[in-house]
Structures are given as C-alpha cells and as structure tokens.
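Let me begin by presenting the structure, written as structure tokens, before commenting on it.
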Amino acid sequence: MIFGLPIAFTTPWLLAALAALPVLWWLLRAVPPAPVRRRFPAVTLLLGLEDRDAESDRTPWWLLLLRLLAVAALILGFAGPVLNPEERQAGRGPLLIFVDAQWTAASDWPQRIAAIEDQLDDAAQAGRTVAITLSHDVGLADGAAPQWLSAGDWRARLPGLSPVSWDAPYGAAPQWVAGLQDADTVWVSDGLAREGRSDLLAAFEAKGRVDVLQPTAPRLGLLPAQAEDGSLVLQALRSEAVTTTELQVQAIGPDPTGVERVLAASPLTFSAGAARGEVRMALPPELRNRITRFQLAAQLAAGAVTLADDSLRRRRVALLTGTQSREGLELLSPLHYLREALVPSAEVIEDESITTLVEAGPEVVILPDVPSLAEPDQKALAAWVAKGGLLLRFAGPRLAAADTGRGVEDILLPVRLRSGGRVVGGAMSWGAPRALAPFPDTSPFFGLRVPDDVLVRAQILAEPGPDLADRTMASLADGTPLVTRKALGDGQVVLFHISANAEWSSLALSGLFVQMLERLAVSTRPGQVKSEALEGTQWVAERLLDPFGQLGPAGAQAGVDGPQLLAGAGADVPPGLYADGDRLMAVNTLDADAQMSPANWPAHIAPRWEDRSATRSLAPYLLAGALIVGVIDVLASLLISGRLWGARTMKGAARVGAVFMFAMLCAPNDSVAQEVGTADGVIGAASTVTLAHVLTGDSATDEVAKAGLTGLSDQLFSRTSVEPAPPFGLDVESDDLSVYPFLYWPITDTTRQPSPEAYGRLKTYLAAGGFILFDTRDAGFGGESAAALRLRTIALPLGLPPLEPVPLDHVLTRSFYLLEEFPGRARGPAWVEAAPPNAERAEGMPFRNLNDGVSPVIIGGNDWAGAWAIRSDGAPMFPVGRGQAGDRQREMAVRFGINLVMHVLTGNYKSDQVHVPALLERLGE
Amino acid sequence: MTSNPTLRTRAEALAERLPPLLAQARHLAASVELGEHGRRRPGQGDAFWQFRPAQPGDPAHRIDWRRSARSDHHYVQEKEWQAAQSVLFWVDASPSMAFASSSDVPEKGALARLIAMALATLLVRGGERVGLATSASPAGRGELALSRMASALIDPQDTGFVDLPARSRAVFLSDFLGDTASVAQAVTQAADRGVTGVLFQILDPVEEGFPFHGRMIFEDMSGRLEHDTREAHDLRDRYLDRLTARKAELSDLARRTGWQFHTHHSGEADSAALLWLYHAIEGHR
C-alpha cells in the first residue's frame, strides 16, 4: 500500500531513479537542442551575421516538463506498479501444494489450476522444489508418496490434474502428512466443512507454514430427486446461506427422436439465510420417464447433477379386472393386494378387455387368476409379450379348476400344469403349511430374505418336465415350484403358482411380495432402498459422471455388489448409472442426507483467494503514457527547431508517422475487433439466412473467416435459391446465437475457452438444431496439432455425440452437389456425428438410412474459409493447390460449402429423396 | 604508354565522361540552332569566297540551292572570314560549384560545364575559335578544340586567370560567391586589353531562397568555413540583402567594363541560359 492506495511495485528499487530527475532537469535545461549541420556554399555571405534573440538557446520549460514526465512515467512503469496487489511472502525450502480435488472443486477447477500456476511461478522464482498432491490420492490408505520436483516440471503436469466426481474424505491424510519431510504448505481448499480437516491442518502446521487458498464462491449441490405425490421434489444445497439466490434446475433426457435435451426447467430459490432450496416439478409420465438426470444450470460439477433411475420412473401396469362376481369382498379380491403393492410406484390401468389394455401400451400386464382367454385376446397378448412385454399371472381357484395348460403347454403359461392343485395344512390335509425355500442364486430374487411367517397353504402344481427346473424362480421348502418363468420372444411370462390374495398364502401380506414385484421390475422402488433388498445382486456401471457433471460411457468396470451402491459414491463406486438386467440404479455424488457447510478455519488461518481480475498491472498504461508524451515531445522539438515545416517537411512527417506507428504497436492491445450485435442486427439476421463465424480474438483469422463466409455467401447467392445476408462475426459470450443456422468456428492454438455461461448457450444452440463447423486449419494432421488439442479442450464440455469420418452415403454427399470428398485448402477428412450402429441399407436403396437428425457439428482441418475467401474485388484471397487441379479443388471446396449450408437448412431432406423411386412405384400401384 | 594505374584509371574515367558531356552539349546546342533556323542575316562582313561541290558530311543547310539548281551537282557556298573571333571560357572549378541542394537540381559546376560546352559547340559551328581561359593552349577551331576543351573541363586545373588575348571574347561562368576582388581585377584587366565578355552567375535555388529554420550550422563545401545560428529564419532577410548587393556589385562591374551580367538558377531551363549567352556573344560581334 502506498499513500493508502492499493498500489505496489514489483521492483521498488527502480524508483530510486526518480531522484535523478532534478539532475535531468538541469542537464536538459543547459543543453540547447542539437543543431543541424548543412552545407551551404553561400556561407560567405552569412559570415558576420548575428542572431537577434538569445531565447531559443534554452529548451522551453514546458518541453522540459514534458520530457521529465515521460522519464518519470518510464521509471514508474518499469518499477512494475500493480493495482490491488497480492501480498506475497517469499518462502524457502520445499513447498507442498495440497489440493482439495473433490467434486466441490470442479466448478472452478481452471481458476484453481491458475492459482496453482501462480504458486509455481513464485516457487520457481525462489527456486523451491514443489510437490502437488490431490486430496483423493492421499485419502487412500496407501497414499502415494509426494513427488518433489521443480516448479517447471509440475507446470508441465498441471493439465493432467483432475478432480474426482465424488466427495473423498481425508481419511488417512494426517498420518500421510506426518510421514513427510518439513515443508511449507499451500492448501487449495474447496471451502467445505469436512471430517478430519482440523486434524489435517494440525498435521500440516507441524511441518511448516500453512497458507490456505479458497475461492469465495459458494459451492452448490443438488440432492437426489424424490417422487412425492406424483411430482418430483428436488432439493439443492449451498455452502453459504446469505443472500437470496435463484438457480435453475433442468431436467435432461432424450426427446422422442433420441436427442438429449432439456425436457423441463424450473427456478429454485434459496431464501436468504437458508442453505437448502426446494423445487417441485410436476411432469406428465411420458416426460418424467425419459429424464436421465437433473442439473443446476451452468454449474459444471458432479454434485450439481443428480441422476435419475428407476425410483423416479413410473411403469404402466395393466390389470385385467375380469367380471366383478364377488362384489363386496374387497379383501379377498386378488386385485386389492396388487393395487396396494403397485399404486405407490406405478401407473395402474384397469380394464376388462385385453385389447384395451394392450392398446394402452403397458410395460406389464397382470392376469390375476384368469383361466383362459378368447383366442383373439390370446393372440394379441402373445404378440405383445413377444415384443418385450412382461405378462404376470397369478393362480387361483379358477385357474386350478380350468383345464388350461393341461397336457400341452399353453403359450401364455410358463409350464404345464397338473389339474387340481394341492392344498397343504388345511383342515382336510395332514401336512403343515409350507414355507418358502431360500432363493437359488440363479433366481432374480436371490438375496431377498424370506420371512418365517410366509406360508403357503395351497398352490397349483407344475407338471414335471425337462425344463421345469430352469424355469423355476422360486420354490417351496419341499421343492415344488412357486414362481416359474419362460421367455417368449423378447418378453417373458411369469406365473405365481399361488393366488394374489391371502387366500392361498400369506405371501401377499408380506413385504417380500412387494420386493419380488420390484425385482421383476413390475413395480419400482419407492424412495430409499433397503440394503437387504439389494442383497446378492451384481450391478454393472453403464454410464459414469465425470467431475464436471458430464455423463460419459463407463468403459470397463468391475461389477459392484448391490449393498455397496447404498454406501454412497466413492472411489470404489464412482457416481453414475448402474444396471442389473432391466433395473437401473443411480449412484449420486450427493446422498439424500448430504450436508454442505463452510469450512471453519482457526483464527490464525485466513483463507485468501487472489482474484486475478482485481490485480492489474499498471505498467502498460504508464509505458504507453510515456510513449505518447515522447511522441508529443518529438513533435514539439521539431516545432521548436523549426523542422516541423521547411525543406525536409516530408521526411519529418514520415519520421513523426513512424513514431506514431511504433507507439500504436507498443500500446497494450486489449481491444478485440468487435462487431456490435445490436437488436437491429439480430432482427436482420433472423429475417434472412445469415452465416456467422465465431470471433477468435485473432484478427487475421477472423478476417479470413469473414472473407470465407462472404465468398460462400456469394456462391450461394449465384448458384442456389439461398440468398444469405452478409456474414456476421459473433462473440459466443454475448451475442444471440439462435438466429444463425450456421456457425463457422476456426480454432487456433490460442483460441480462448468460452465461459461456462457461453457453454450453456452453445449447448442450447446445438440442442435446438444449431450447427457448428469446427476448422482447425491444420489439414487434419492426425489430431495432434496444437489447434486440434485446443479444439479438444474447447469441444469437450459441449458433450458432442460420437464422431466418424463422413461416410460415403452421408446426406452431405448429395444435399446439393454429388460429392466424394470435402476439400478446403487441404484435403483432409471431415468428421460428422457417427451413424447409429444398426443403420442398414434398405433393399434396393443405394444408401443406408442414416442419422435421422442432422449432425450438429462437422470437424475438420481443411481450412475451408481459406478456400472460400475472396478479397473485396472478388478475386480469391489465397491460392488453392496448383494449376487446374487447384481450380478444381477450389470448386470442390465451394461445392462442399453449398452442400453444407443445404444440409444445415434442409436437414435430411435429401436422404428422403432416395426413397422417391420407391414411393412413385407404390403410388403407381 | 605508361603503366601508372592511377593515371590510366583516371584517363578511362575521363574517357567515360567525355562523350556524354559532348553529346549533351551538342544536344543542347542543337535545340538552340533550331531556334535560329530560318533567320536571314544578309551581308554582315562574311563575303562570298567560292562554291565548292558538296561532299559527304556537309550538312544539308549549307548547300546553296540557287547554285545547285543550275547544274546537276550540289554546291556549298564557302565564305571568307574577315577575322576569326576567339571566345575563351572560364568555368569556376572551386568546391562551392560542386553543390546541389537536392537530387532534382544539377550541380552548379556540372551545369556550368554543360553550358560552356554547348556554347562552344555553337560557336565552333559558326567558325569561331574557342578555348579555356585557364589552359595554356590557345583557342582553336573545329572538333579538336571542342574535345580538348571538354577534357580540360572535366579534369579542371585551377590555375587562376591567364592573360586573355586582346580583342577576344570571354565568358566567365561561376556562382561568384567567393572573393569578388579577383574577379573584378580579371575583368578590368581584360577590359583594358579590349576583351569584352559575359559574367554568367549560376546559383542554386536554395542560395536564392534561403528556406532554413531553426538552429543550424552552415559550412562551406570544403568544410573550412562555418556559421552557427540559432534561428536560421531570422537571417533570411539579411542574407538576401547581401546576395542582392553582390549581384548589384557584379552588374555594376559589368556595366563599367562593357561586359554583360546574367544570373541563372540551376533547375531552370538550360536552353534559356544558352540562348541568352549566345545572343550576348553574338551581339558583340
């Protein structure tokens, strides 16, 4: 701090030079401006002429002042003035940088890395060795030994550091620290209270000075969604409950075409002082069943995402009611128990007609004690099952009395039945009621605990057969089958050999009944799952959450035991979606009972965070000021010595011009060429097709992109009915993307990464049918060029679909011209969204029926804009290839551009065109 | 033949520059001659001598068409010169003549040599004798005299004035910025011997305009003389006064001795200067 101003100098000793200013004043005052020597033959005529005034002898005081100002500004500028300086204390000895790398650090991970980079800079200056350790590495019992390297080595490794997507406890970290050498510690904290933090701090303090860096922004988390009264309840947490904040909760899932998008969004408000906010979303079942995850908008962290699984899904279950013959005996009706079990978690349809039920599109059809069906009904039901339906049948007196499935196997029964059934433990029989045998490990019920009080008094028996054992899922203690199942087409038929009411057994009264239905994926679990309900199941990760809240493929992962899933996310069970057969279970970063509160540091620890934007170097401004004053001084000197005008005016002017040019070059260049996107511009862009390119900040690249799109627009105008407006250079951070159907995005190795908000907008843009052409302009060299690497970083958060090189039957090859390759100035491959793996070529059609949706991106490195670019006079800006082959290549590049715009504007229309011959043929018939 | 390389190099350098000077001078002379063409000057002391058949090399304008028309041959009318005039040139070779204010303007010395040669060419064509006032060899006629004069001009030996032959003509080309006394003495002496002539002053535009500002040090071409000023523009008026005075002095000298005085600025048309000089010499004849 200087004079109370938040200014400091990086090299204060340079300020001593200011003391030399008075000397300079005296010197400059004493020395008149240097004379100009000139040859002049008529000097003889001048000899003896005296100057009339002696005033111009001295430099005028204002010029002196100007020069002193310039020198003072130079000295101050080189002394490195910094506004809002950070207090840095140089340390010595090794430096340990301990980074909290839980999901809570993900949302501002780049800033953290930048802060670590600053620390590395300091350490490099002080020549300290550094070890960087991520918290989740040492939380493990066998925590990795720290690597003491130079700051430069660590700097190279920084991009490889990544947080994890769960909340790792500190665990054995204090013991790990105790085993280290003495070192100062910089703790990059996530700022949340966590068990063991104080122990760990004490351990660090025992080794040396501890410095805590902690971003001030509150952490936000989203708790798992709960289904309550038909609507979904979502709760969000925040670490600092101070002000009123409004966030947006988005429900994301595939739309009917399979493209993932925001299905619903509603605002969530934290009232002042509350650490918890709640929002209720009432959604129609169709929408609700599609939701794969909820997230807090624009929060790139695993904890701000919660995955939806079966518990939120409501299956549609059809109950055949049959004729109501036993009116009034509600508790005896098998339907009653089924309703009780199903209604909380499923959508139940009841009807008397099989046809009506099947047309309602249920996932499960339940037939309680229905002996036989009319043949059309039977056929319809069998067809429905074969397409993947689950038919669940219960036995009962009527089924026992009927002759269905006797002798020959009924198609809608899993086994042949013996007539009559049996009754055990009744008044007329000797045996006691039978209990259930433990479920075999081949059964889907394996792991469910069988209560002792579940007894079976009557059942129908299966005819022994070779496949009876395979089809038995549960049996009684004496080995007679209780539940049997057979596959039918893609679906299955399951028979409970008892009635669905309490008449034949007490199973329907027990919790086991509900669990069995759940295992059969008839019902879904309501709310919390009990650990025993998952006993004995094996779950395999299908998709995993990354720390930044993106859902990605799981890759090869070992299976996880059911109860482990309930233990919460951790290194063993990373958050994600786990599947067991048809069932899906989500492991979320945050549990339903998760808490978030700010970390409590002892009084002597003051967490700080360098807001890098606040620390501004004033040096550029001072140096620029010195330059400007210098230029003024040059002009003034020329004026005084009379050379501003005169014989050498032209040369003088040229010199002054050169000085100005130099000054312009040296001035700090923070300004970015901006084309102002006014409301008028947006309206104009919306009213005509406007091609747009993303401003990269590199003026040469932007110019080429603009010229390229101008050239393409001209070609479109002259060749097609698309008549675009002049192209527009837009800033993804601020401009409205939605009115531009086509974005050209040249990527250079210096292209800036967009902000999270911009990513949100870009995602919305792509999801709403936008299109981006990424061009690395490196001729597609194996994807390892600097621009390609940059592109990877930039495109990663966009969540692009899998890509493949444009296949020969892609609609791009024929949306206007017939093309085989897509050259720009280079002839590399172009990549589009991969075709679905099951795309097949229809009989007699030349092309496969590929992506129904239009590829949202095309990625390549052919420098297309360079090939399209024209100068203002209409001539090509850059050469393409050589000679005639080059002209041909340029033509092909233009054709590609036209195809591309057509592809963007008409989608898969041309894909449909290939069916025209077939359609015409059919119409002819 | 000498083996001295310096001499040889110099001789070659000279030989290189000689033809251009002659050619330029002829070119300049031709432009003036065109202006003279068709002007009738009957009598005037040049009497008819004889006709002789025209020979190859005789210029067409010298053919006497009246005589030739009477026969099948072409005749040239030869005239008898009563008295041939000697015209002697003094071209100032002092360092100050090697000045040119910019690349657009020729050096004063070069201009002086060019004008002198052109005038000599014209005079030789008219049958006069020409020579350099500084050289020991007498004035001569014809091409030989021209080439001798050209080589002497290109490689000047500043030997000062020699005594001019009585009743000859003299042409002094200089900027006359140096000492006027020696000039006055030479002119007076020459006038005493019945020599008339021309003082032809060549000045650079800068010397006439003095467009200088600010602090300057002026030095002469040899670097021996310097003048330091803090504000050159202040000196302009006084300098111009002195220059006018110098011209008036020269003009006065010319008037007293029956000579003529003229100032020419380098950068103006050379032919104008040549025309004036030619008339000035011719008017005396």
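Here, each number is a calculation from the coordinates, and none is a lab measurement. Not measured: the values here are computed from a predicted model. All Cβ positions, glycine included, derive from the backbone under ideal geometry; neighbour counts span all protein chains shown.
Estimated from the Cβ-Cβ distance and a Förster radius of 56 angstrom, the FRET efficiency linking A:ASP182 and A:ALA19 is about 0.85. Counting neighbouring Cβ atoms within 10 Å and putting the fewest first, the residues A:PHE98, B:PHE89 line up as A:PHE98, B:PHE89. A Förster distance of 60 Å, applied to the separation of the beta-carbon atoms of A:LEU789 and A:GLU50, puts the FRET efficiency at 0.20. Extending 7 Å from Cα along the Cβ direction at A:ALA725 and again at A:ASP351 yields two label points whose distance is 5.2 nm.
Taking label points 7 Å from Cα along the Cα-to-Cβ direction, A:ARG608 and A:SER718 give a separation of 6.4 nm.
How many percent of DSSP beta bridges within the stretch B:156-285 run antiparallel, rounded to 5? Looking only at bridges with both residues in the stretch B:156-285, the antiparallel portion is about 25 percent. Relative to the 2.2 N^0.38 Å rule of thumb, the stretch B:174-230 has a C-alpha radius of gyration ratio of 1.57. Counting neighbouring beta carbons within 10 Å and listing from fewest to most, the residues A:MET877, B:MET149 come out as A:MET877, B:MET149.
Once both labels are positioned 7 Å from their Cα atoms along Cα-to-Cβ, the gap between A:LEU920 and A:ASP255 label points is 3.3 nm. By the count of neighbouring beta-carbon atoms within 10 Å, fewest first, A:LYS763, B:LYS108 end up ordered A:LYS763, B:LYS108.
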